[in-house]
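Structure first, then comments.
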Amino acid sequence: MASDKKEKLSGIKGMNDVLPQDAALWELFENTAQSVVQSYGFQQIRTPIVENTALFARAIGAVTDIVEKEMYSFTDSMNGDALTLRPEGTAGVVRSVIEHNLAYEGPKRLWYKGPMFRHERPQRGRYRQFHQFGCEAIGFTGPDIDAEIILMCRRLWDDLGLDNIRLEINSIGDASERAAHRAELIKYFEAHAEQLDEDAKRRLHSNPLRILDTKNPAMQELVNGAPKLLDFLGAESLAHFQGVQDILNRSNVQFTINPRLVRGLDYYNRTVFEWITEELGAQGTVCAGGRYDPLIESFGGKPTPGVGFAMGIERLIELMKVAGEPALPSQCDVYMVHQGSEAQTQAFILAERIRDAGLDVVLHCATPGGAGSFKSQMKKADASGAAFAVILGEDEIKNGTAVVKPLRDREAQQVAVAFDDVVEHVVDDIVGNDHDHDHVHYHH
């Protein structure tokens, strides 16, 4: 006999739900990040999560791991278009800047946030749907903007209470300097071919810079002796890099120059940087950025410089938890407790008035178990984190009063307050004493 038991549905591996207890932490991160970048004049841009596959093949390079193995690409069944869920944010922002002629109006400071998608092995802090917060500064040429976006990151770590993140910087020069370095690098590794592992042999002619990134302990000495890109930089690239360092030094930003810090993507040039933590095991980079002056021209736009960064929100949420979660706003300011139909009607009226005054109110509503006793409702009121319970029953309806009971201040007594005075009583107390309710959006 066929079972009519329905199969249990579950989420896709590596694509996670953010549940209410964590959502408050996400909101805290996003609001703090938005507030920091807006204080530097950055404006939000929102681009679609689906783009033409060709956009990423051109931006990231058709022979990279991301394009070959990690992208979620599909053919649109309606019109046959080759489409891809975005694996990163920069390409879509640059496409939008060109398409809408944003750079013609002058330089732009832009920020974005949202989900990205890569089909890789899920592990701590690395998922198939992951979220990034990023900034792109388009149309600025000097070392000042490079330093500014690094300072912006430092301000964000400070505001989030994260002090276990360190900065590494490098300059990868311009294309001609990298070409000269690349030729010497290939010559050097060819002379020591017997020491190269399979990975390095495969990359030797396609992307020798990535050999410098190897995690193989047996190759560390060989890599340390390799020609350094910094030695191939011309006067202009060196001056730019020195300019970035000068501003960081004068702003008391601690950093390490890591000559092996490179980028796998061709469009990066000059300044590259990473913010790194040791708190999350192997996945140490929480934010990576750099300059990409050739990118917009390679997309068909007029030559326009750019610099930006992206940070992984999941990893930063992990770090916030490691650092000790900050006090999160409670669910509401006031919890309405009521018994009986007339009391429920009056509770609705009072709840709306209190919301009109700019406070957050949760009104107790019936569940499959019924309306709930006063005792069970008060338990929920306590758990909500509210500053007050406003209580209505038959006696209160007869007297035209509500009982206002403080839930945080155990010394304070509950009082009976006339219906018309409840709003003023609650607002005066919460706004006057600021019961740790930083989120009160009092607007009247």
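Points to keep in mind about this one:
- Answer residue from region 406-424, given it is crowded, with 17+ Cβ neighbours inside 10 Å and touching a residue at least 24 places away in the same chain (Cβ under 8 Å) and is farthest from Glu342 (Cα to Cα) among those: Leu407
- Check on Ala91, at pLDDT below 90, crowded, with 18+ Cβ neighbours inside 10 Å, under 25 Å from the mean Cα position of the chain (by Cα) and within 23 Å of Pro305 (Cα to Cα): no
- Within region 4-16, residues that are touching a residue at least 40 places away in the same chain (Cβ under 8 Å) reach partners that are loosely packed, with under 10 Cβ neighbours inside 10 Å with beta carbons closer than 9 Å, at six or more positions or on different chains, in the pairs Gly14/Arg121.
- Test: residue in region 254-277 that is exposed (fewer than 15 other Cβ atoms within 10 Å of the Cβ), free of Cβ contacts under 8 Å to residues at least 24 places away in the same chain and closer than 22 Å to Leu162 by Cα: no
- Residue in region 248-257 that is more than 19 Å from Gly306 (Cα to Cα), aliphatic (A, V, I, L, M) and part of a strand (DSSP E or B) present: yes
- Top-ranked residue in region 374-389 [being under 16 Å from His338 (Cα atoms) and touching a helix residue (DSSP H, G or I) at 6+ places or on another chain (Cβ under 8 Å); ranked as surrounded by the most Cβ atoms within 10 Å (Cβ to Cβ)]: Phe388
- Scanning region 200-225 for residues that are among the polar types (S, T, N, Q) and either more than 19 Å from Leu265 (Cβ to Cβ) or assigned by TED's automatic domain parsing to the domain that holds Tyr268 (or both), we see that the one that is nearest to the chain's Cα centre (by Cα) is Asn216.
- Scanning region 157-198 for residues that are out of contact with any helix residue (DSSP H, G or I) (no Cβ under 8 Å at 6 or more places or on another chain), assigned to a helix (DSSP H, G or I) and not hydroxyl-bearing (Ser, Thr, Tyr) returns Trp157, Asp158, Ala175, Ala179, Ala183, Lys187, Glu190, Ala191, Glu194, Glu198.
- Matching residues in region 333-352 - criterion: being in a helix (DSSP H, G or I), touching a helix residue (DSSP H, G or I) at 6+ places or on another chain (Cβ under 9 Å) and among the hydrophobic types (A, V, I, L, M, F, W, C): Ala343, Ile349, Leu350
- Consider region 318-343 and keep the residues that are surrounded by fewer than 19 Cβ atoms within 10 Å (Cβ to Cβ) and touching a strand residue (DSSP E or B) at 6+ places or on another chain (Cβ under 9 Å). The one that is modelled with the highest pLDDT is Glu342.
- Selection count, region 296-311, where residues are among the small types (Gly, Ala, Ser) and buried (at least 22 other Cβ atoms within 10 Å of the Cβ): 2
- Each residue in region 183-199 was checked for being under 34 Å from the mean Cα position of the chain (by Cα) and either within 23 Å of Asn269 (Cβ to Cβ) or modelled with pLDDT of 85 or more (or both), and 0 pass.
- Within region 91-146, tally of residues that are on the phi > 0 side of the Ramachandran plot and assigned to a loop (DSSP other than H, G, I, E, B): 4
- All of Gly308, Gly358, Gly289, Gly372 fail the test of being assigned to a loop (DSSP other than H, G, I, E, B) and either of a type in the set (A, V, I, L, M, F, W, C) or in contact (Cβ under 8 Å) with a residue 40 or more places away in the chain (or both), apart from Gly358.
- Subset of region 375-422 [small (Gly, Ala, Ser) and in a helix (DSSP H, G or I)]: Ser376, Ala381, Ala383
The values are calculated or read from the model by the stated rules, or taken from the named source; none is laboratory data. Computed from a predicted model, the values in this text were never measured in an experiment. Note that we place each Cβ from the backbone using ideal geometry, even for glycine, and neighbour counts take in every protein chain shown.
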